[in-house]
Amino acid sequence: MADRRLQVFHTVAKQLSFTKAAELLFMTQPAVTFQVKQLEEHFNARLFERAHGRITLTPTGELVLDFAERIIGLSHEMETRVQELTGKVSGPLLIGASTTIAEYMLPRLLGEFKRLHPDTQARLTVANSETIEHKVAEHTLDLGLIEAPSHNPNLVTKVCCQDELVVICAPDSPLAKRTVVSPKDVAREPYISREVGSGTRECIDDFFRNNQVNLDELNLSMELGSREAIKGAVAAGLGVAVVSSTTVAKEVRLGELVTVSLEPPLRRQLSLVYPPEKFRSKLLQSFLDFIEKSPLLQSQIVL
């Protein structure tokens, strides 16, 4: 119920970009600019300084942003509290997840949660862990599921399960005949890595460092931003990679890839992150409780 102009201004102010705000709000950029201009005319004051293709908040803009956050927060709380008087868990739940979690864990979890609470609508954003964490901290998302521990002290982090990572190689690779390989064995092979900012990349880099393999010792042949691209490159014999074992189950069955266990094993904790607000909607709390008790997570180590 908060003024639409105020909502649009708030998004622009948090993103410091009219383009990004338009994407998040599913609006055109001219429509976003128009809403902000209307608000500036209402206050008879400039809210943004525009120079060299960048925008910054004016002192008046900083003041308006402070009140906008409180107004929007109270408006959201009011609507949620009124809805909760019906006793139903309902409404949109904005979830972010890194790609492995989004594709291999969340479909079953969201399906079960929807069965329990049919009036809810999950809206999923898929990005790397760093991006998801940033969006949760900005309140663009209600919560996130990421593949690395949170680095943001302003977010609550809870471990929800574990995931085992393995080496993958082409069937004709020398490593394909091994049952286990060491980090130093991997370092001798052409290595294909995820992009910087990926939770998987961070976890694997830490694993190498903790096992006396400096990152500059790796024979890095490619950095790819897609797990599917990595699997394709490995299957083509361009190198080896380290991935979640579940993400390659189909390719292993088809004989396109071979998995080899690491020694020592590489297991990572998958984490749930959300803001520690005093007010928490019944919907969000219900989903957090559901995640904590879900047999889908408790019954397995590898997702």
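In table form, for the structure just shown:
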item	result
Sequence-separation-based contact order of the stretch 1-53, relative, with Cα cut under 8 Å and 6+ spacing, percent	34
Acute angle (nearest 10 degrees) that the helix 59-84 long axis makes with the longest principal axis of the chain, alpha-carbon atoms	80
Spin-label pair THR179/HIS151, simplified geometry with 7 Å Cα→Cβ offset, distance in nm	3.9
Fraction of antiparallel bridges per DSSP, the chain only, in percent to nearest 5	55
For the stretch 162-268: relative contact order, % (alpha-carbon pairs under 8 angstrom, 6 or more apart)	52
Alpha-carbon centroid distance for the pair the stretch 209-272 / the stretch 32-48, whole angstrom	50
Percentage relative contact order, the chain, counting C-alpha pairs under 8 Å, at least six apart	22
Rounded to 5, percent antiparallel among DSSP beta bridges of the stretch 162-268	55
For Kirkwood radius over Cα pairs in Å, calculated from these coordinates, the label among (1) 19.0; (2) 20.0; (3) 21.8	(3)
Charged-residue dipole, Cβ positions (Lys, Arg, Asp, Glu), the chain about Cα centre, Debye nearest 20	520
Modelled FRET efficiency - R0 25 Å, GLU263 with VAL159, Cβ distances, 0.05 increments	0.55
At R0 = 35 Å, FRET efficiency that the Cβ-Cβ distance of LEU124 and ALA236 yields, to 0.05	0.70
Tilt relative to the chain, helix 4-15 - C-alpha long axis, 0 to 90 degrees, to 10	40
Calculated FRET efficiency for the pair ALA51/ASP289, C-beta based, R₀ 45 Å, to 0.05	0.40
HN-Hα J in Hz across the stretch 124-132 - Karplus 6.51, -1.76, 1.60, θ = phi - 60°, x for Gly and Pro	9, 10, 10, 7, 6, 4, 4, 5, 4
The stretch 178-188 - phi-based ³J(HN,Hα) in whole Hz, Karplus 6.51/-1.76/1.60, Gly and Pro as x	8, 8, 9, 9, 9, x, 5, 4, 5, 5, 7
Rough spin-label spacing in nm, given labels placed 7 Å along Cα→Cβ, for GLU23 and ARG115	3.6
Separation of the ARG253 and GLU138 label points, Cα + 7 Å toward Cβ, nm	3.9
Length released on extending from TYR104 to ARG188, taking residue separation times 0.36 nm less the Cα-Cα span	27.2 nm
Cα-based helix-to-principal-axis angle, 29-43 vs the chain, degrees rounded to 10	40
Full-extension gain in nm, ASP206 to GLU79, via 0.36 nm per residue minus C-alpha separation	41.3 nm
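Read-outs: derived from the displayed coordinates by stated rules, not from any lab. Small disclaimer: the values here were computed from a predicted structure and weren't measured. Here the Cβ is made from the backbone with ideal geometry for all residues, glycine too, and neighbour counts use every protein chain on show.
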